[in-house]
Amino acid sequence: MTLKDQLDKIRQERKEDIKDVVDLKKLDSLRVELLGKKGPITQALRGMRDLPADERPSFGQFANSVRDELQSAIETRRDELKKDMLNKQLEHEKIDVTLPGKPVAQGQPHVIQQIIDQIEDLFIGMGYQVLSGPEVEEDKYNFEMMNLPKDHPARDMQDTFYITKEILMRTQTSPMQARTLEKHDFSQGPLKMISPGVVYRRDTDDPTHSHQFHQVEGIVIDKHITMADLKGTLELVAHELFGDRFDIRLRPSYFPFTEPSVEADITCFNCGGKGCAVCKYTGWIEVLGAGMVHPNVLEMAGVDAEVYGGFAFGLGPDRFAMLKYGVDDIRNFYLNDIRFLTQFSKKG
Ligand SMILES: [Zn+2]
């Protein structure tokens, strides 16, 4: 068999081999085997020197054409294999539009927001405005206009985060009372407002303290407002939020911005007033602070305290939620653990 015949045999046989290869790796090793330095074509070209001189050019041409033919067969096969792979992948990843969809979980307001919404609805029904104020507040509104001058000892109980000496994270939502009192035009009617929102204290977090919590503060200023109005309002709040069997009682207390000041207790949720460990066997649980607005607060906001007066109160939705749902650690409200939060359905 001549060198040329040998080469022609390789051409025919190996072209079939190339067509039979089913993966790219094997195709590549076949390419090296056929067209590489140790491959049959290179070998044949080396053997060319043994041929008579006049046969060499045509043999050289033939050898080159075999190499080109095998090379293009390899490339064609490579394209086919790549296309197959892509088709298989597409088939695998195909979306079946007839399959049923996965249900989308429906969210709900945070349990604290649910309580705030309930409180807002109640007060809007009594003709109050709902106003929210800045959480980054001036010392002037947060403390001074609330009758807490710079050297006042009660400031220690409300230590907060300071941005500058005069700007701080508000410790209460009552600065909004001062801001509103300053602007209110009493010739247009009484001032009745609540201000819900987040407040901050420099407290170390524990089961009953959080450096961030919520408050709803309210104020009513008009002529002839008495403590009976305050008590009536608080009773209504207790009945609406917790139920008719809940009573309130007022105990004397002290706040710099009210005089007289009271703490309001509500019938114990746990024992209904009989006495238990939750209420420390008193039958009552403290829920909010209130009082008649201090004349200094009115005068500092430019309101004539000889003519106008009223009451203010502040309650904590976090504490309400803890009492209402028996949550024993306030930090649960701020961890955003969905397993905790989804326990409070919208209707509570
Ligand atoms: Zn009790």
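Okay, which of region 156-181 sit inside 16 Å, backbone N to the point 7 Å along the Cα-Cβ direction of Leu131? Under 16 Å, as judged by backbone N against the label point of Leu131, lie 172-181 of region 156-181. Every helix of 4 or more DSSP H residues in the chain counts as -39500 (n - 2.57), and over all residues that averages to -12500 deg cm²/dmol at 222 nm. Applying 0.36 nm per residue to the separation of Asp8 and His224 and subtracting their alpha-carbon distance, the gain on full extension is 66.0 nm.
Anisotropy class assigned to region 25-69 is oblate, per the alpha carbon gyration tensor with a/c at or over the 1.5 cut-off and a/b no larger than b/c. Placing pseudo-labels 7 Å out from each Cα toward the beta carbon at Leu51 and Asp68 gives an inter-label distance of 1.6 nm. Computed over the chain, relative contact order equals 14 percent, with contacts defined as Cα pairs under 8 Å that lie 6+ residues apart. Taking the Cβ-Cβ separation of Gln118 and Ile95 as r and a Förster radius of 51 Å, what is the calculated FRET efficiency to the nearest 0.05? Given R0 = 51 Å and the Cβ-Cβ separation, E is 0.70. Normalised per residue, the accessible area of the chain is 58 Å², obtained with a 1.4 Å probe and no contribution from ligands, DNA or RNA.
Could you work out which residue, out of Arg251, Arg46, Arg319, moves most in a Gaussian network model of the chain, that is, has the largest mean-square fluctuation with Cα springs under 10 Å? Between Arg251, Arg46, Arg319, it is Arg46 that shows the largest mean-square fluctuation. Here region 141-281 is treated with +1 on each Lys and Arg Cβ and -1 on each Asp and Glu Cβ, and its dipole about the Cα centre works out to around 60 debye. The overall shape of region 258-348 is oblate: from the C-alpha gyration tensor, with semi-axes ordered a ≥ b ≥ c, the ratio a/c is 1.5 or greater and a/b is no larger than b/c.
In the neighborhood of Gly291, defined by Cβ-to-Cβ distances under 10 Å, what is the net charge if each Lys or Arg adds +1 and each Asp or Glu adds -1? That sum, taken over residues with Cβ under 10 Å, equals -2. For region 3-92, carbon and sulfur atoms together expose 49% of the accessible surface, with a 1.4 angstrom probe and every protein chain in place. Other residues lying with their Cβ under 13 Å from the Cβ of Phe333 contribute a combined charge of -2, Lys and Arg counting +1, Asp and Glu -1. Using 0.36 nm per residue and subtracting the Cα-Cα separation, the extra length available between Lys150 and Cys271 on full extension is 39.2 nm. Shape verdict for region 4-112, please, from the Cα gyration tensor: rounded (a/c under 1.5), prolate (a/b greater than b/c) or oblate. Verdict is prolate for region 4-112. For a modelled paramagnetic label at Glu299, 7 Å from Cα along Cα-to-Cβ, the residues of region 247-290 in reach, with backbone nitrogen under 20 Å, are 255-261. Gain on full extension, evaluated as 0.36 nm per residue between Glu80 and Gln106 minus their Cα-Cα distance, stands at 4.5 nm. What FRET efficiency, computed as 1/(1 + (r/R0)^6) with R0 = 25 Å and r the Cβ-Cβ distance, is obtained for Asp247 and Tyr281, rounded to the nearest 0.05? In this case the efficiency is close to 0.90. For Ser261, the residues whose amide H sits under 5 Å from its own are Ser253, Phe255, ignoring neighbours fewer than 5 places away on the same chain, with H placed 1.01 Å from N.
The values are calculated or read from the model by the stated rules, or taken from the named source; none is laboratory data. None of these values were measured; they are calculated from a predicted model. FYI the Cβ positions are ideal-geometry reconstructions off the backbone, even for glycines, and counts take in every protein chain you see. Just so you know, the surface numbers come from the protein's heavy atoms only, side chains and all, with ligands and any DNA or RNA stripped out. Shrake-Rupley method; radii C 1.70, N 1.55, O 1.52, S 1.80 Å.
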